[in-house]
1. Among the residues that make up the stretch 11-21, is at least one of them of a type in the set (A, V, I, L, M) and touching a helix residue (DSSP H, G or I) at 6+ places or on another chain (Cβ under 6 Å)?
2. Return the residue satisfying two criteria in turn: it lies in the stretch 98-149 and is at pLDDT 90 or above and in contact with a Phe, Trp or Tyr (Cβ under 9 Å, 6 or more places away or on another chain), and of such residues it is surrounded by the fewest Cβ atoms within 10 Å (Cβ to Cβ).
3. Looking at the stretch 165-186, can you tell me whether even one residue there is surrounded by 13 or more Cβ atoms within 10 Å (Cβ to Cβ) and either touching a His at 6+ places or on another chain (Cβ under 6 Å) or part of a loop (DSSP other than H, G, I, E, B) (or both)?
4. Go through the stretch 99-117 residue by residue and tally those that are assigned to a helix (DSSP H, G or I), touching a residue at least 24 places away in the same chain (Cβ under 8 Å) and not aromatic (Phe, Trp, Tyr).
5. Out of all the residues in the stretch 46-60, is one or more at pLDDT 80 or above, within 18 Å of LEU103 (Cβ to Cβ) and part of a helix (DSSP H, G or I)?
6. Here are LEU96, LEU80, LEU52: which of them is closer than 15 Å to LEU156 by Cβ and without any contact (Cβ under 8 Å) to a residue 60 or more places away in the chain?
7. So for the stretch 2-13 (the condition being modelled with pLDDT under 75, in a helix (DSSP H, G or I) and not polar (S, T, N, Q)), does at least one residue qualify?
8. Right, ILE54: touching a helix residue (DSSP H, G or I) at 6+ places or on another chain (Cβ under 6 Å) and over 20 Å from THR106 (Cβ atoms) or not?
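The values are calculated or read from the model by the stated rules, or taken from the named source; none is laboratory data. Being a predicted model, the structure only gives us computed values, none of them experimental. Don't worry about glycine lacking a Cβ; one is built from the backbone with ideal geometry, like all the others, and counts go over all protein chains shown.
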Amino acid sequence: MGPLTEWLQNVAIVVGVVVAYFQLNAWRREHLSKRKAEAAEMLLSRAMNAKLSIESVRSAMERVPADAENSEQAVIDIKLQRLASYTDDFNRLRELQVLHEALVGTPDVKEAVDELFDVRQDIYAALATLSGWKLGPSPKAEHLSLRETLRRKITLVGQEDELGTRVDKAVETLRKHLLPEIRMERTKP
């Protein structure tokens with residue numbers, strides 16, 4: 001009876017180790033899935049906030065102080081200040097992009113977030129160019145055209161809004177890739 005008991009104890013130990021190994025791997029997969037879902041949720045939330053930030057900066061409705069000497073310059077200054085106020089939000093978006101890339105590494109997600117940053121940079125460049133820019137008494141046609149192009153970049157302009165379309169496309173790409181991760185429906189990236 002002694003050797004049989006010893007043998008059963010050894011089998012029980014081996015079975016216990018195998019079960020513990022599978023449980024540990026299941027726990028790791030579950031933990032990683034939760035981290036991916038949390039990162040995806042935070043990233044999508046920040047991307048939606050970035051979209052709202054961009055729309056806020058580009059809003060056509062601005063309250064210009066009555067004593068402003070140049071209302072156009074006052075609007076540009078307001079928009080520049082507003083854009084600067086969202087710096088921390090965009091920094092957090094970049095951090096979450098890096099976290100998501102480390103956990104999942106979906107190239108489309110990276111490109112979509114990069115597109116939001118590119119739009120933000122286009123808006124900043126347009127505002128910085130327009131700030132303090134005065135056209136002479138008889139401006140060239142290309143200067144007028146450039147000025148109009150820059151104004152369209154800093155203002156929501158409806159259906160032919162290139163920047164708005166780029167932002168919408170980026171956010172839609174993020175939704176397409178991140179919602180399954182948030183719902184833990186995605187099996188492999």
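1. Looking for residues that are of a type in the set (A, V, I, L, M) and touching a helix residue (DSSP H, G or I) at 6+ places or on another chain (Cβ under 6 Å), one finds none in the stretch 11-21, hence no.
2. PHE117
3. The first filter runs over the stretch 165-186 and keeps only residues surrounded by 13 or more Cβ atoms within 10 Å (Cβ to Cβ), leaving 166-167, 170-171, 173-175, 177-182, 184, 186.
Keeping just the survivors that are either touching a His at 6+ places or on another chain (Cβ under 6 Å) or part of a loop (DSSP other than H, G, I, E, B) (or both) gives 184, 186.
Yes: one or more hits.
4. Our first condition is that a residue be assigned to a helix (DSSP H, G or I); within the stretch 99-117, this holds for 99-103, 107-117.
Narrowing the set further to residues that are touching a residue at least 24 places away in the same chain (Cβ under 8 Å) leaves 99-100, 103, 108-109, 111-113, 115-117.
Keeping just the survivors that are not aromatic (Phe, Trp, Tyr) gives 99-100, 103, 108-109, 111-113, 115-116.
Summing the residues that are assigned to a helix (DSSP H, G or I), touching a residue at least 24 places away in the same chain (Cβ under 8 Å) and not aromatic (Phe, Trp, Tyr) in the stretch 99-117 gives 10.
5. For the stretch 46-60, residues at pLDDT 80 or above, within 18 Å of LEU103 (Cβ to Cβ) and part of a helix (DSSP H, G or I): present.
6. Details: LEU96 fails: closer than 15 Å to LEU156 by Cβ; LEU80 fails: closer than 15 Å to LEU156 by Cβ.
On inspection, the qualifying residue turns out to be LEU52.
7. yes
8. Details: touching a helix residue (DSSP H, G or I) at 6+ places or on another chain (Cβ under 6 Å): yes; over 20 Å from THR106 (Cβ atoms): yes.
In short, yes.
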